[in-house]
Amino acid sequence: MNSGTLLASPAHQTAIQGRTDITQHEIAALRTQFNLADAHTHQAQSPTQQCIVERLPSIWEAAVQHTQQQSEQAFIRAFYHLHGQDRALEREGQIYLVYAASIGMHITATYLQQQGMRVGLIEPCFDNLHDLMRHMQIPMVPLGEELFADSGAIYQGLQQKADQFDAVFLVDPNNPTGTSLVAPSDTPFREVVRFCVDHDKLLVLDFCFAAFILASGHKRPDVYAILEDSGVRYIAMEDTGKTWPLQDAKCATISTSLGQVNDQLYPIVTSVLLNVSPFILRLVTEYVRDSGMDGFASVRTLLDENRHTAQQLHGGLLNYLPPAIKTSVAWFEINDPDVSADALQAHLLDYNVYVLSGKYFYWSNPERGQRYIRLALARNQPMFAAAIATMGQALEELAV
């Protein structure tokens, strides 16, 4: 196998090294032939989704004819009902809508900063969570996924670190690994909640990939019932942006426990924005309802087929890591210690294929992340198949 320092053209090696976060790589990837970097939805419409597109004028008119509140309530009820989160609907007036998940994360990070909180953040995870808090100088300690692998040991593991953080920040299902505390069993999640209650910790939850629990055939427990009944202080974020092919028209939500957290977070929300576009809300609601009618088939079928195609890379240099929850990304381990993720990423860029290095997901230990790469699956099948075939050729060259 060639050494990792000899994998790519100097120009691509320099470009890879010059980008400091995932989003910078994703921006660059938009200019490549085979963009497998960002997890945004780039696939075509399903037949029923195409029917929604054909009704855009009537959707626009519905947004005009109804009040902002009516558009918000229609979205909130459709979205949370689809997810089986009926307890949240008891407080639908305190579910705050923002136009992107990153805005919700920014609002949450602002709250954590204002409260002077130290955060225990899951690792690996998508790097913009870490970056948002780092920019606000919020102290962070890593909570490795292995800490949550055994539900019987979660409480004790967190307890041993309890003096290092004031808030526990988790992603479920996790991006990029697909691990979950709520599926197929919610026992691990209940243990985390129990710990936070007993030790008076704030629980922050990123549920932006939660639709894939349903798309994978699992039932999502009513996490808001668990949270509310426990009395834990919490902030929870949900999203639509990674689920449906909406040309980045999307809506995310923020909800909190009653009392001080809600009272202090709400002014931050209102300082950021007035409302999400009622037209976007009406449009996204149509896609939510469509997945309710087809049981997420339009989402699941595409991702399953592309995941099967991606698994053709398994063996040799790359080892496919099966997720607990099948999300819209695939996570591979690099088997050769002489080949880093950065070097492999640069080598693949010589073939116009853009993937993400795992180092950005391991925010406290980037070197550990050099053993992994991530591929996005939400792409049209012909393009994705061509990208995987090209990757296969690129990997074969390294085996010479």
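The values are calculated or read from the model by the stated rules, or taken from the named source; none is laboratory data. This is a predicted model, so every value here is computed, not measured. Quick reminder, even Gly has a Cβ in these numbers, built from the backbone with ideal geometry, and neighbours come from all protein chains shown. Each accessible area value is taken on the protein alone, full model and side chains, heavy atoms only, with ligands, DNA and RNA left out. Shrake-Rupley method; radii C 1.70, N 1.55, O 1.52, S 1.80 Å.
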Report task. Could you list, in sequence order, all residues of the range 154-163 that are surrounded by 14 or more Cβ atoms within 10 Å (Cβ to Cβ) and either assigned to a helix (DSSP H, G or I) or under 25 Å from the mean Cα position of the chain (by Cα) (or both)? Result -> I154, Y155, G157, L158, A162
**Report entry** Residue list for the range 43-69, restricted to those being under 26 Å from A210 (Cβ atoms) and open to solvent by 80 Å² or more (accessible area, probe 1.4 Å)
**Finding:** P47, Q69
Query raised in the report: How many residues are open to solvent by less than 70 Å² (accessible area, probe 1.4 Å) and more than 15 Å from the chain's Cα centre (by Cα) when one looks only at the range 116-126?
Result: 4
Report summary line: Subset of the range 132-153, residues over 14 Å from F189 (Cα atoms) and either among the hydroxyl-bearing types (S, T, Y) or buried (at least 17 other Cβ atoms within 10 Å of the Cβ) (or both), comes to L132, M133, I138, M140, P142, L143
**Report entry** Boolean, L129 is open to solvent by less than 40 Å² (accessible area, probe 1.4 Å), at pLDDT below 95, within 26 Å of R220 (Cα to Cα) and assigned to a helix (DSSP H, G or I)
**Finding:** yes
Query raised in the report: In the range 274-298, how many are open to solvent by 20 Å² or more (accessible area, probe 1.4 Å) and over 16 Å from C251 (Cα atoms)?
Result: 6
Requested in this report: With a cut-off of at least 1 residues that are not hydrophobic (A, V, I, L, M, F, W, C), name the helices (runs of 4 or more DSSP H) lying wholly within the range 187-241.
Outcome: 187-198, 223-230
Query raised in the report: If a residue has to be in contact with a helix residue (DSSP H, G or I) (Cβ under 8 Å, 6 or more places away or on another chain) and of a type in the set (K, R) to count, how many in the range 303-331 make the cut?
Result: 1
Requested in this report: Return the pairs, sorted by first residue and then second, in which the second residue is buried (at least 19 other Cβ atoms within 10 Å of the Cβ) and among the β-branched types (V, I, T), the first residue lies in the range 218-233 and is touching a residue at least 60 places away in the same chain (Cβ under 8 Å) and farther than 24 Å from D263 by Cα, the beta carbons are less than 9 Å apart, and the residues are 6+ apart or on different chains.
Outcome: H218/V182; H218/I325; K219/I213; R220/V182; R220/I213; P221/V182
Report task. Looking only at the range 207-225, decide whether some residue is open to solvent by less than 20 Å² (accessible area, probe 1.4 Å), modelled with pLDDT under 95 and small (G, A, S). Result -> no
